[in-house]
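The values are calculated or read from the model by the stated rules, or taken from the named source; none is laboratory data. Predicted, not measured: the structure shown is a model, and the values here were computed from it. FYI the Cβ positions are ideal-geometry reconstructions off the backbone, even for glycines, and counts take in every protein chain you see. Quick note on the areas: whole protein, heavy atoms, side chains included, nothing else; ligands and nucleic acids left out. Shrake-Rupley method; radii C 1.70, N 1.55, O 1.52, S 1.80 Å.
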Amino acid sequence: MKALVLSAGGSFGAYQIGAWRALEESGWRPDLIVGASIGAVNGFAISRGASASDLLRLWRDEPLAVQQRARAEGRRTPSRVSLARHTDLFRSWIEQVFERWTGSPRSHDLLVTMTAWPSCALREVRDQEVECAHLIASCAVPTVMPPARINGQVYIDGGTFCPLPLRAALRAGATEIVAVDVLAASPCKTIRWARVVGTSLRNFLRREATEPSPEDLARVQLQRVQPGKRLGNLDACFAWDPNQIDALSEAGYRAAKAQLVGSLQWRPRAARAYPLPAQRAFPAGGPTANRARLP
């Protein structure tokens, strides 16, 4: 079974658009998509047939529509939107994505991860059971977005302790995995070490691991697509700026082409027309160096 695993990463999830574009061009088709946090939102759309160009519109155009509705209601919203300050707009965007794609036929199986609170147990929701509430719960980053309650249980971000849900893909039976990890280079060292300590404590208390063992990984074909350096700082990770979507997507596309060619059975198809720039120069410090703000 082939699985596409999409990591958590806030606004850096736009990087996954470019990676999916490269996989589309290669002809590589996953049987299962596993997503945590923003990866769950992207994964939901892909599982319902979204192309890279569809994802680009979801990221670039739909948030603008949400902003325009808010402004029509007399609410002031900046062009660069802070997730922490405008969580209602981010929720509205997730609802828009769900509404747009929920009626489409499923083209790939889907698995979304969440974290139950306060038990810190990792929960998985499959296929037709996935509702908009599960996508919102998977994106409920502690201290940034409020927890979500589903059937009396409180849930927080699916990437809190496991930003790249490889173990979930292995449990589902994946034997060939392409993992797009936008947080491979953490936007903040303090957050990275806090996660390491918190995850270690959580695993000790629950006596279960969040990551697969080296032995488990040795039994599958795993290919990673990830940035060589951080995509931006912590503020940029939790902000939405339409001016940075193309740059992040193009970075993901270039990384996937460079890191996957020769390692997969690459079968390039005729290039499709995507509204992505052929070249985009990043400002000093990376694609989000201008301290963009996103949902």
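Residues in region 84-94 that are in contact (Cβ under 8 Å) with a residue 24 or more places away in the chain and more than 16 Å from the chain's Cα centre (by Cα): 5 in all.
Listed here are the helices (runs of 4 or more DSSP H) enclosed by region 166-254 that have at least 3 residues being open to solvent by less than 50 Å² (accessible area, probe 1.4 Å): 166-171, 189-206.
Under the condition of being in a strand (DSSP E or B) and open to solvent by 30 Å² or more (accessible area, probe 1.4 Å), the residues counted in region 101-147 number 6.
Within region 1-57, the set of residues being buried (at least 24 other Cβ atoms within 10 Å of the Cβ) and among the charged types (D, E, K, R) comprises just one member, ARG21. The single residue among THR143, THR113 that is of a type in the set (Ser, Thr, Tyr) and closer than 16 Å to CYS162 by Cα turns out to be THR113. I'd like to check something: does region 82-99 contain any residue that is surrounded by fewer than 19 Cβ atoms within 10 Å (Cβ to Cβ), under 27 Å from ARG230 (Cβ atoms) and basic (Lys, Arg)? Checked region 82-99: at least one residue is surrounded by fewer than 19 Cβ atoms within 10 Å (Cβ to Cβ), under 27 Å from ARG230 (Cβ atoms) and basic (Lys, Arg).
Could you tell me how many of the residues in region 121-137 are in contact (Cβ under 8 Å) with a residue 40 or more places away in the chain, touching a helix residue (DSSP H, G or I) at 6+ places or on another chain (Cβ under 6 Å) and not acidic (Asp, Glu)? So the count comes out to 2. The residues listed here are ILE17, ILE33; of these, the one that is under 16 Å from the mean Cα position of the chain (by Cα), modelled with pLDDT of 95 or more and assigned to a helix (DSSP H, G or I) is ILE17. Among the candidates PRO118, PRO165, PRO142, the residue that is free of Cβ contacts under 8 Å to residues at least 40 places away in the same chain and under 22 Å from SER11 (Cβ atoms) is uniquely PRO142.
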